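Below is one structure, written out as structure tokens; the observations come after it.
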Amino acid sequence: MPFLVREGLFFGNITDAAQTLTSPSNSSGITHILSLLSSASISFFSDWKPDIKIPTEEIKKVYVGEIDGEGKRSLSPEKLFYSLEMAGVDLKLKRMAVPLRDTEDEDLLDYLDICLDFIDEGRKEGGVLVHCFAGVSRSAAIVTAYLMRTEKKSQEDALESLRDIYESVCPNDGFLEQLKLFEDLGFKVDTSSPLYKRFRLKVLGHSYKQGEKVDSSIFEKDPGLRPESNAAEVTTKMEKPNTVYRCKKCRRIVAMPENVVSHTAGEGESSFGWQKRKSGNPYNRYGEVECTSMFVEPLKWMTTVEEGALEGKLTCVKCDARLGYFNWAGIQCSCGSWITPAFQIHKNKVDISKELP
């Protein structure tokens with residue numbers, strides 16, 4: 001039997017889900033099922049136990065590349081983000097299936113919003129069962145995140161609260177790090193936060209190393225192609241000028257402050273706070289006051305990056321002036337930090353200016 005975590009919120013494993021999906025009567029009040037398995041297909045249950053046959057009726061399938069209005073960007077446009085279906089003996093159970101592996105490098109953070117919203121929906125309409133295969137890592141991570149968001153608990157307190165109900169829960173270390181990042185983000189996946197941007201660069205770099213196709217749809221828009229503001233509107237609104245980074249040679253805009261990914265001086269990979277590594281300050285021997293370069297997100301004007309090169313120059317798309325360098329394996333900043341992957345713009349190649357939006 002699944003464990004009752006809160007009113008209308010149940011937690012379990014694949015056996016609990018199979019029993020719920022194949023039972024003609026549902027006395028527990030479960031109306032929704034959130035499946036977190038390596039495959040979203042209902043056939044996963046039959047592969048696990050051939051005698052299990054579960055009727056389903058598809059509602060919709062959503063692919064990662066289709067999610068762009070909410071800040072989701074595709075690493076692989078063909079990758080299934082989640083599926084919705086009616087399932088069970090009488091097709092009365094609403095099932096959301098999220099393809100999620102129980103590995104430390106799996107991207108949990110970008111699934112949190114859809115999963116937590118589905119749990120909210122399930123609790124409002126009856127009850128929701130959150131399950132993975134063993135009921136130890138993936139489902140525990142999602143339920144922990146839900147308790148964090150709804151009860152404003154820290155990662156540690158939320159996990160301890162779940163362990164009071166089922167002591168065997170143990171999300172893998174990668175999930176725990178991302179849950180701590182979720183806490184640092186204020187219990188929401190804020191895609192504009194520097195912390196989130198660092199996380200996305202790490203995910204992007206790992207995908208590249210794994211040989212996955214990195215589609216240019218993940219690149220941030222070219223800030224140099226922004227539509228010109230209406231002068232009358234600007235005068236009327238009297239908005240505060242924005243900082244922009246321009247190519248020193250031709251004055252084309254190449255980056256905005258929100259494109260810059262900050263890092264901690266001389267801390268190596270520990271500059272990415274969500275990994276919590278500490279390696280001291282072995283490289284910053286010359287007391288650099290300020291980094292000589294800035295590191296940005298991949299942008300759509302970076303044609304060499306889009307063409308699939310491992311490393312190379314970053315040149316201005318308008319005048320071809322050299323602005324910096326990129327390397328998927330990483331670049332060491334002048335301060336000593338090692339940034340991976342790295343999209344580096346030398347500060348002496350750009351001017352900083354203020355302009356009205």
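For segment 3-191, lysine pairs with C-alpha atoms less than 14 angstrom apart, excluding pairs fewer than eight positions apart on the same chain, total 10. Amide H contacts for LEU9 (H built 1.01 Å from N in the peptide plane; partners 5 or more residues away or on another chain; cut-off under 5 Å): VAL128. Loop-located chymotrypsin sites (Phe, Trp or Tyr not before Pro) across segment 133-173 with a Cβ neighbour count of 14 or fewer within 10 Å are lacking, with loop assigned by DSSP. Taking the number of Cβ atoms within 10 Å of each Cβ as an exposure proxy, the fewest-first ranking of SER38, SER137 is SER38, SER137.
Could you tell me which GluC sites (Glu not before Pro) in segment 1-65 are loop residues by DSSP with no more than 11 other beta carbons within 10 angstrom of their beta carbon?
Working: sites: GLU7, GLU57, GLU58; in loops: GLU7.
In loop regions of segment 1-65 (DSSP not H, G, I, E or B), the sparsely surrounded GluC sites (Glu not before Pro) are GLU7.
For each of SER27, SER337, SER262, count neighbouring Cβ atoms within 10 Å of the residue's Cβ, then give the residues from fewest to most. Intermediate results must be reported in sequence, preceding the final value.
Numbers: SER27 6, SER337 26, SER262 12.
Ordered by Cβ neighbours within 10 Å, fewest first: SER27, SER262, SER337.
Scattering from segment 3-191 was approximated by placing one identical point on each alpha carbon and applying the Debye formula without solvent; log10 I(q)/I(0) at 0.10, 0.18 1/Å stands at -0.37, -1.26.
Taking the Cβ of each residue in MET86, MET302 as the centre, tally the other Cβ atoms inside 10 Å and list the residues starting with the fewest.
Numbers: MET86 15, MET302 25.
So the ranking, lowest neighbour count to highest, is MET86, MET302.
Values in this text are rule-based calculations from the coordinates and carry no lab data. Note that the structure is predicted; figures quoted are calculated from it, not measured. Heads up, the Cβs are rebuilt from the backbone with ideal geometry, glycines too, and the neighbour counts pull from every protein chain shown.
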